[in-house]
Structure formats: C-alpha cells, structure tokens
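Below is one structure, written out as structure tokens; the observations come after it.
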Amino acid sequence: MASGKPELRTVGKPERRVDSVKLATGRGTFVDDIAMPGLLHARILHSPHAHARIARIDAAQARALPGVACVLTHHDVPRVAYTSAGQGWPEPSPYDSFMLDEKVRFAGDRVAVAAADDPELAQRACESIKVDYEVLPALLDPERAMARGAPVIHDEPDATGIKDALRNLAAEITAGVGDVARGFAEAEQVFEQTYRVPYVQQCSIEPHVTITWLDEDNRLMVRTSTQVPFHVRRIIAPLLGIPIRRIRVIKPRIGGGFGGKQEILIEDLCGMLTLRTGRPVRLEYTREEELTAARTRHPQIVSVKSGVRDGRFTALEMRVLENTGAYGTHALTVMSVTGNRALSLYRCPNLRYEARAVYTNLAVAGAFRGYGCPQGFFALESHVDEVAAALGEDPLEFRRRNHVQEGDDQPIAEVLGEGKEGYKQIIRSCGLPQAIQLGARAIGWKDRARKKRPGNGPLRRGLGMAIVMQASGIPGVDMGAASIKMNEDGSFNLLMGATDIGTGADTMFCQIAAEALGVPIEKIIPYSSDTDMTPFDPGAYASSTTYVSGRAVEKAARLVLQQITEVGARMLEMKPEEAVVHGGKVCAKDGRFVTYEQVCLSSLYQKDQFQIMANASHMSYESPPPFAAVFVEVEVDTETGLVRVVRIVEAVDCGQVVNPQMAEGQVEGAALQSLGYALYERMPFDAQGRMQFRSFRDYTIAAATDAPELTTILVPTHEPTGPFGAKAIAEIPINGPAPAIANAVFHATGARIREIPLTPERVLAALEEARARTPRPRPA
C-alpha cells in the first residue's frame, strides 16, 4: 500500500455477520427462546403517584389467589442502597435506589412484584394489592426543585453519593481552562443563547426481559437482555444477599439497547423471586412500562456563551441544567460528557463549564446513545451557526477555521474527566477536514444559495450542517479482555466478555482475530457475554467495544500467533525469528512449511505438549475521538410548519473501518434515530407527573418509511493506538443530524428554533418571530 502499512486481508472488508444466517432463519436465540418447566411469570405494581409515601400496603388478598407463588413488597426484601446504573466500580452515580421502598419518587416507580403461573394472574395479583399512599408535593421542574423550601425527594438517611439532597442536587460540576473573563474582555463580539433538549426514550425493539432459575448446584442463573452482564452480577449480589460466585449472568442475542440496557431494571426482582420460590421466573416489560418506568435521555437546558475576535473564539462558556428525574443514574457522567466533548471541538484558549444535575419527580433519565453529546452538540452547533450568521460568514468556513486538528490536545477533557479525574488527551488522528470537504461536496453546499425556493408556493428548501465528535471508551476507567484457544483443525475459539447488542460486535471481533492470526474469518468461533465462561468486560457502552475490547482481542491473537510461530519453528528446526507466518502456515525460507493444523496437533500430542492459547486485557489512558461532519437538506412548509428532511449526508472519521457494511448500518441507524428526536419524539407529562404516551401509537419514532435519502461517507484515517487503526463508530453518528436540521430550517426560512423537537407549532411560532424582526418597507 502507498502508506507503507501492510495490506489488510479481513479488517476493512464487508464480511458477512457471523450470526446472520441464524438471525435470518429465526434460529438466533434471544432471552425468551427457551422453555423452562415450572416457569413463573412476574409483573410489577407501579406507583400511580409522582411522589408519595406508602402509609400501608396489604398483599394478603394477592397472595391468596390460586396460582400466585410469591408477592414481594418493601417489607419482604432487604433494604440495601444501590445504583441501577451499570457502570464501573466504584460507580460515579449516587446510591439512591432500593429494591422496593416505602417511598415512591415518580409515577412508574416500583411498589411491589408478584409471580404467578401466567402473566394475567400475576397482573391480577398486583391489582389485588391494597396500597394507601400519603401523596406528597411533586416537583416537575428542575429549576423549582432547587428552590429554597422545595420538598426533598431523597430524604432517606441511608442514600450516599448525593451532592446536596436538601437542594435536590444529585451532582454538580465546575471546571475551566484559561481565563474566561479575560477571553470575553478581549472579544470583539460576545454571543449568548439558551437551548433545550427534551426527554426521549431508547425504544429498543426488544423490551427489558429476564429469566432466572436455580441450576443443579443451587446457583442463580440470570438470562437477561443487558448491555452489562458483569455489572448485573456485581450489583444484584448484595441486593439478593448472596455472593457473586453463586450468580451466573448470560446475555444471548439482544434486540437493541441504545444505552437503556446499561441499567439493572428487573434482574434483581426476578432473581429474588426465584430465590424465594425455587422456581424459574420470567419478567418482561411491556411497551407501556418501557415508556413510563424504564430510562430516558437526560433533558438539558444548555446556555452557550462565546467571544469572537478576528473570526476566532477567544472564550467559550457552557452552563447546563440537567433533569435526572427521580434517581441519579448516570447524572454526573452524562453531563461530564456534555461539556467534555462539546468544549473539545473548537480551538479556544479560555473555556468554562458549569453543570448541575437536579432530581425531579419525573421519569428517571439514564444512558442513551450519545450519552450527553446530542444535548451538548445541539446547543453548541446551533450556537456556532448563529455566530457565523451574525458575522456574515459561511458557517462551513467559520467551522473550518476554528475546529481542532490532528496534534491538538483536549485540555477540558483532562480537567473534566468522566466521573473521576481526567487524563491528558492528544488528537493523534483527525479526518474532520476531509469529512467537511467530502460531505459538503455530496450535499451540494456551494449551491446553497439556490436551494431556498424549489418553486412557487409556501415550500422553502435549506441546507444545514454540524460537526461533532465523540470518544472511544472511558480513559483510565474501563478495560476489555479476551481469550483465544487453538483447535486441532487450525480453528480458534474466541471468548469475549464484550456484549454484542445487535451491532455486529461479535463479527468485528472475529475479523480482528482473523486478521492478526492470518486466517479466514470462518476459522474463528466466537462466544461472548457469559460471566462464567468468558473473560471480564464492562459491557457495551461509552463507544468502547471496538477500541478497548477489540484491542484486547488483537493482543490475545498476537500472543497466540507468537506461540504458533514458536512451535512451527521448532518443528522446522529453525529459529522463531526466521519463520514467516502466512496463509495458515509457518514457513521456512527454503520452502518448507507446517500448517496450523500440524502445529496444533504437535503442541497437543507431541513433544513438550501444551495448549496454544492466550488471555489478554486492554485498558487505555487515551480515548481517541471519532469525528463527523453532518449535512442536511430540508423542505419547510411555511404555511403548516411541517419540516421534511430530504437528505442527510454523514461523513464519519472512525479510523480504520473494520467492517464497512456494518459501519454504514451504524451511521444510517443513528441518523434515523436522530431524525426522530429532532422532529417529533417527545414525552409529555400531565400536572401530576404522569407520562401521557403509553405506546407507539402516541410516541412517534422515525420508521423506515420516514427515512430520507441517506449518504454515508467513511473517511479513512489511521488511529495509532487502536486495533489495526480503528476508533469508535457506534455513537458519533447520532450527534449531528438534529442541530444540522435546525440550522437547515434557519437557512430555509430565517427562523431560529432553539428547542427540539422541531414540531410544526414551534416552527410556525419561530416563523412569526422571524417575520416580526424583519423590517417592513416604508410606503413611498
């Protein structure tokens, strides 16, 4: 190759997914795809109130129903404080949750759980439980929740890790670089504006579902749809009062996660029911429960202030008010990421970030794809467009002049960290200049001025853009591990704790292992996500799978290759450094060779027998950012306020692409997901704090029929610290479409909308405001 790097044989190729046939033929095993004799079905009784104490609870009638095996209330389970956030230990989220509690803090909170012979009977049992509630004042607004004299949501003395419970403050951040006051003083112009991002739900096809049972050794088996099997095991052990060694967590195929399954929502209840009854128990959320009792994206109010001199930033300040809902899961780390990424995108000597995560009696926010970046970049990239417009500049050229470049450091990342201290971060690879160039060419940016009016009538066309970044894992926090074992036919068992949540991660790992070992991907047999059988891995989150876990696979494969080379060289009676490994053979320069099969047979049955295998772990203090430039074309009906996205172009730098087909799928799926929350996804609550939408009839998500023309451009770069040069790709594509759409609407109509979704009502209101600002011509 012209770059001097060795040509890759498997990495970079659109290899077929290793699970494609079984998924296409219905043989892909999901949680529910097993039959368990004596299976009980569980249902949860949820609170109808946003804030209340349980004055009295009587489950006698429910327990008396024939076929009901167990009913649990807060009187029947240990009181152990924990966080449901599946994060590394010690978790940066507060321990403010209990399996079942005498106080409920949002409409949908857990009150009791029942297990019976069928789901309908379990539901009847829940409905038969008599509960007297002492209804408390509910806090539905984060600003009011912090006010002096407001009701305290977490007044329990045994909760820990809360920043200031009396102010309903779950977490708080203040960080900075340089001197922001001086930066604003030096600016020729200062701009400031506030932006809002709402509650939205992950909407995985498969809801949360868990099946638990006791095996022949009286160990608790937990078969669950999760992104974090090892965290599940660690977190539920003290809740159930049993040691970790008595728990095995198995993650089969999973129908999507998007961060929502980085949460321990039902595994504890399901496990407790099995321990109490000795029988298998199945617990699955309904779609209504997913929308009312699961997790959401953190709503944020983001204020951005910037100073500009000579077309460059002199100061950037971001202030965030985050609504974490009733519990503080991921509250600190999500808003850490908001500032960490957004304030690392542009060169600026003076930076300041302030953020507060506030408890309310609304739905609990948690992890969601992008993890704070969609909120931060909607605000920042809308703001940057406003600055460019005020300066009379092309927003593309303004960004091009100011964005970070290869070789730059990220000082705010070192100061902020993510739940703990940060580490110095240098950008070693950056394809953002090429992404902007290629994306602009694909969307027709140079013809932007001619796009506004497709014809007569109320329709207006516009182009908008945004540039964004993400990270590749959490530096200095999470690690991945892999084991590889060689078989007699020259194939390899690859064991990974990492979690494939429908992304094709198992295939990607097989490609990395096959590349390092010099064999076809068919020679790699993957097995993942079983806490008994596979090495430890924190799970699928923080865009860590490729960069962190993939690097562990590469390291294990190279250790195995070293052993193969040594055995093969011994068989050929030569030094290992003289051997050449190629095409599944260990070769001598004189043409002699031994095959991988012969090498393995020799190692197992001949002289100095041993198993060719290796374990490897990887943890990095670096987290190389992937970048993307997103371009959007919209059509706005100025009479109805309806916004139609005509086209989305995403040009993404994710380092060396491991599998182009899967990478394009990630980009297109994220673009469609972002389209939904940009235009119509919302979660309205009534005056009592109850979520009003209970199904997909009400909660509108973008479907395949809503998809505009999607163009994915994978920008080739090489990240020197990643496996074969790869960086992350899973989250970066969701960050840019929403601000790009808002910017395109402004270009089309002159109406600036600073809150998503861009509903027709908001568009019409913004159009009216824009018309009011436009000077009317004076009569002659």
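Throughout, read-outs are computed from the coordinates displayed, never taken from laboratory work. Keep in mind the model is a prediction, meaning the values are calculated, not measured. FYI the Cβ positions are ideal-geometry reconstructions off the backbone, even for glycines, and counts take in every protein chain you see.
Which of the GluC sites (Glu not before Pro) found in the range 598-707 are loop residues per DSSP with 15 or fewer other Cβ atoms within 10 Å of their Cβ?
Numbers: sites: E622, E633, E635, E639, E650, E664, E668, E681; in loops: E622, E639, E681.
In loop regions of the range 598-707 (DSSP not H, G, I, E or B), the sparsely surrounded GluC sites (Glu not before Pro) are E639.
Give, rounded to the nearest 20 debye, the magnitude of the charge dipole that the range 628-780 has about its Cα centre when Lys and Arg contribute +1 at Cβ and Asp and Glu contribute -1 at Cβ.
On the way: 14 positive and 19 negative charges, 126 e Å.
Roughly 600 debye, rounded to the nearest 20.
Which trypsin sites (Lys or Arg not before Pro) does the range 93-179 hold that lie in a coil by DSSP with at most 13 other beta carbons within 10 Å? It would help to have the intermediate numbers written out before the result.
Numbers: sites: K103, R105, R110, R124, K130, R144, R148, K163, R167; in loops: R105, R148, K163.
In loop regions of the range 93-179 (DSSP not H, G, I, E or B), the sparsely surrounded trypsin sites (Lys or Arg not before Pro) are R148.
Using a Förster radius of 51 Å, what is the FRET efficiency between L604 and R276 based on their Cβ-Cβ separation? Nearest 0.05, please.
Values: r = 47 Å, r/R0 = 0.92.
Efficiency, rounded to the nearest 0.05: 0.60.
Going by average Cβ neighbours within 10 Å, how do the peptides 429-435, 386-392 rank, with the highest at the top?
Values: 429-435: 22.1, 386-392: 16.0.
Order by mean packing, descending: 429-435, 386-392.
log10 I(q)/I(0), Debye, Cα-only the chain, no solvent, q = 0.06 Å⁻¹?
Computed log10 I(q)/I(0) values: -0.39.
Taking +1 at the Cβ of each Lys and Arg and -1 at the Cβ of each Asp and Glu, which of A540, P576, M508 sits farthest along the dipole of the range 504-589 towards its positive end, judged by Cα position relative to the Cα centre?
P576
Please give, to one decimal in nm, the separation of the simple spin-label points placed at K22 and E127, each 7 Å out from Cα toward the Cβ.
The modelled label-to-label distance comes out at 3.9 nm.
For K163, list the lysines whose Cα falls under 18 Å from its own Cα; do not include residues on the same chain fewer than 8 positions away.
K420
Enumerate the lysines that K130 could reach by cross-link, defined here as Cα to Cα under 19 Å, with residues fewer than 8 away along the same chain left out.
K103
Restricting things to Cα coordinates, could you compute the convex hull volume per residue of the range 22-79 in Å³? Walk me through the numbers on the way to the answer.
On the way: hull volume 10.7 nm³, N = 58.
With only Cα atoms used, the range 22-79 gives 184 Å³ per residue.
What do you get for trypsin sites (Lys or Arg not before Pro) in the range 669-702 restricted to DSSP loop and a cutoff of at most 13 other Cβ within 10 Å of the site's Cβ? Provide the component values of the computation, followed by the final result.
On the way: sites: R682, R690, R694, R697; in loops: R682, R690, R694, R697.
Filter output for the range 669-702: R697.
Greater than 22 Å separation of Cα atoms is the criterion. Which listed pairs, K485/K555; K485/K585; K523/K607; K13/K555; K13/K485, meet it? Display every interim value, and only then the final one.
On the way: K485/K555 13 Å; K485/K585 17 Å; K523/K607 25 Å; K13/K555 20 Å; K13/K485 24 Å.
In this structure, K523/K607; K13/K485 lie more than 22 Å apart at Cα.
Counting only residues 5 or more places away or on other chains, whose amide H sits under 5 Å from the amide H of T314 once H atoms are built in the peptide plane?
Amide H neighbours of T314: G307, V308, R309.
Can you sort L332, L604 by how many other beta carbons sit within 10 Å, fewest first?
Working: L332 28, L604 14.
Fewest to most other Cβ atoms nearby, the residues stand as L604, L332.
Neighbour counts of other C-beta atoms within 10 Å: give me S336, S47 arranged from fewest to most. Present the calculation step by step, with values, prior to reporting the outcome.
Numbers: S336 28, S47 23.
Ascending Cβ contact count within 10 Å gives the list S47, S336.
Once you place label points 7 Å from the Cα toward the Cβ at T29 and E577, how far apart are they in nm?
The two pseudo-label positions are separated by 4.8 nm.
Counting other beta carbons within 10 Å of each Cβ, put W213, W89 in order, fewest first. Display every interim value, and only then the final one.
Working: W213 23, W89 8.
Final ranking by Cβ density, sparse to dense: W89, W213.
Can you list the HN-Hα couplings for the range 130-136, worked out from phi with the Karplus curve (6.51, -1.76, 1.60; θ = phi - 60°), rounded to whole Hz and with x for Gly and Pro?
Taking θ as phi minus 60°, the curve returns 9, 10, 9, 9, 9, 6, 10 Hz for the range 130-136.
How high is the relative contact order of the chain, in percent, counting Cα pairs under 8 Å that sit 6 or more residues apart?
Numbers: 1967 pairs, mean separation 115.5, N = 780.
15 percent.
Work out how much length A442 to Q688 would gain on full extension: take 0.36 nm times their residue separation and subtract the Cα-Cα distance, in nm to one decimal. Don't skip to the answer; put the middle values down first.
Numbers: separation 246, 0.36 × 246 = 88.56 nm, distance 4.84 nm.
Taking A442 through Q688 to full extension adds about 83.7 nm, to one decimal.
Give the lysines whose C-alpha is closer than 22 Å to that of K261, dropping any in the same chain fewer than 8 places away, or say none.
K251
Name the residue from G376, V308, A326 whose Cα lies farthest towards the positive end of the charge dipole of the range 297-442, charges +1 on Cβ of Lys and Arg and -1 on Cβ of Asp and Glu.
Sorting the options by dipole projection puts first A326.
As a test of the formula, what do you get for the chain when each DSSP H run with n ≥ 4 contributes -39,500 (n - 2.57) and the sum is divided by the residue count, at 222 nm and rounded to the nearest 500 deg cm²/dmol? List each step's numbers first, then the result.
Working: 19 runs with 210 residues, N = 780.
Roughly -8000 deg cm²/dmol at 222 nm, from the helical runs in the chain.
How high is the relative contact order of the range 355-448? Use alpha-carbon pairs under 8 Å, at least six apart in sequence, and give a whole percent.
16
Might you report the magnitude of the Cβ-based charge dipole of the chain about its Cα centre, with Lys and Arg at +1 and Asp and Glu at -1, to the nearest 20 debye? Present the calculation step by step, with values, prior to reporting the outcome.
Numbers: 88 positive and 95 negative charges, 233 e Å.
That gives a dipole near 1120 debye.
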